[in-house]
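The values are calculated or read from the model by the stated rules, or taken from the named source; none is laboratory data. The structure displayed is predicted, hence computed values, not measured ones. Protein only, heavy atoms only, side chains kept; ligands, DNA and RNA dropped before computing areas. Shrake-Rupley method; radii C 1.70, N 1.55, O 1.52, S 1.80 Å.
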Amino acid sequence: MTDAVIVSTARTPIGKAYRGALNSTDGATLLGEAIKAAVTRAQVDPGDIEDVVMGAAMQQGTTGGNIARKALLRAGLPVSVSGTTVDRLCASGLQAIAIAARSVIHDGVQIAVGGGGQSITLVQNEHANTYRAVDPALMEMKPDIYMPMLDTAEVVAKRYAISRDRQDEYSFDSQMRTASAQTSGKFDDEIVPLTTTMSVTNKETKETSLKGITLSQDEGPRPDTTQDGLTRLKPVREGGCITAGNASQLSDGASAMVIMSDREAARRGLEPLGIFRGFVSAGCEPDEMGIGPVYAVPRLLARHGLGIDDIDLWELNEAFAVQVIYCRDKLGIDPAKLNVNGGAISMGHPYGMSGARLAGHLLIEGRRRKAKYGVATMCVGGGMGTAGLFEIIH
């Protein structure tokens, strides 16, 4: 049977939404930069690529209208390359990789690109299209489907008695892990600097201007974070426990990888980073969407005859600290194997990008640690969980 192997991965730095360096970078350019970098690293002729699958949540405005097709053209790929866009909210990038890999395994595609990206700055809040966003009939049947993710995190914290102290402790650890990894250059092999135009607003005059900027590392990490500082942050909801310090940051960014058949990689003399082994999704109650991985991970492992201890490295998206704590404890994941270089709490969470970023980092960090199997898993808005299994090649 054909194996789908990953021969390269590349991502943009993650910019802070609204105030960061990528706050005026259009969707096609943002995703296109990741695609171009991954293709360049793979050392393949762009014309040899058959299909590009990219994930994006909130597909409207700058990321609307099949952004994958626009992004691949912006990346300089020829018109002969096709593209499609997928939306599984926060797991969109991981879903896109799975679709691209399955096309290689089952449909004879020789070379594909999978990944995802998000410009939260340009599509959320005042830029979101809210026209008839709520279906009254569905609202009557299952109102929790429209519950903001922040409120679902509060539900998980209360329902499963996960204290604010535990959340803040986890968040501090995430910041410290990321600070150490950034200082030691552990993200350098995946990041490609991005030169773009940033929107800057004068605080006094409120006038907005544009300036050229090159972003070469993630903007989100706060290495000066202290446990006391996290404790003093006010909850977003009165009487709640979710704060700006124990939840993921809003961010912009994109990530992509080149996937091909193992035979094609061998023919070209390429050394793969890893092998795509499988992907699953599972549903749960919308009001506790953060626990989705608890349902997805066992399904994934059972299908491959593996147990929790067979997995050497885990990347679980840090939408909220409370969700990671619950899933880690419930699944019995060794904390020393989980999010070893921090996650979205410290780095940021561009929705459509995150799953692809986790998968790419898993392969690179897995090589450093001589790991065999790695799992990237996500909670998903609306009440879902996803998980992808990768075998790392040394």
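Structure above, values below:
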quantity	calculated
Helical contribution to [θ] at 222 nm, DSSP H n ≥ 4, -39,500 (n - 2.57), averaged over the chain, rounded to 500	-10500 deg cm²/dmol
Global form of the range 184-252, assessed from the alpha-carbon gyration tensor, a/c cut-off 1.5	oblate
Tally of Lys pairs whose C-alpha atoms are under 30 Å apart, taken over the range 142-251, 8 or more apart or cross-chain	6
Solvent exposure of the range 67-166 as accessible area per residue, Å², 1.4 Å probe	50
Taking the range 175-281 and dividing mean pair separation by its residue count, relative contact order in percent (alpha carbons under 8 Å, at least six apart)	18
Spatial separation of Cα centroids for the range 94-126 and the range 255-331, in angstrom	15
Per residue value of the accessible surface for the range 203-250 (all protein chains in place, 1.4 Å probe), Å²	70
Fraction of accessible area attributable to carbon and sulfur, the range 1-89 (%, probe 1.4 Å)	46
Length-normalised contact order of the range 59-148 in % [C-alpha pairs under 8 Å, at least 6 apart]	25
Euclidean distance of C-alpha centroids, the range 187-237 and the range 332-365, integer Å	19
Built amide H within the under 5 Å cut-off of Y18, gap 5+	T121
With every protein chain in place, the range 156-273: carbon and sulfur % of accessible area (1.4 Å)	48
Average Cα contact separation per residue, the chain, under 8 Å, 6 or more apart, as relative contact order %	27
Accessible area in square angstrom per residue, the range 280-386, 1.4 angstrom probe	26
5 angstrom amide H check on L316, placed H, neighbours 5+ away	N339, T377
Cα gyration tensor category, rounded, prolate or oblate, for the chain with a/c compared to 1.5	rounded
Global form of the range 227-385, assessed from the alpha-carbon gyration tensor, a/c cut-off 1.5	prolate
Karplus 3J(HN,Hα) series, Hz, for the range 96-103 with 6.51 cos²θ - 1.76 cosθ + 1.60 (x for Gly, Pro)	4, 5, 4, 5, 4, 5, 5, 5
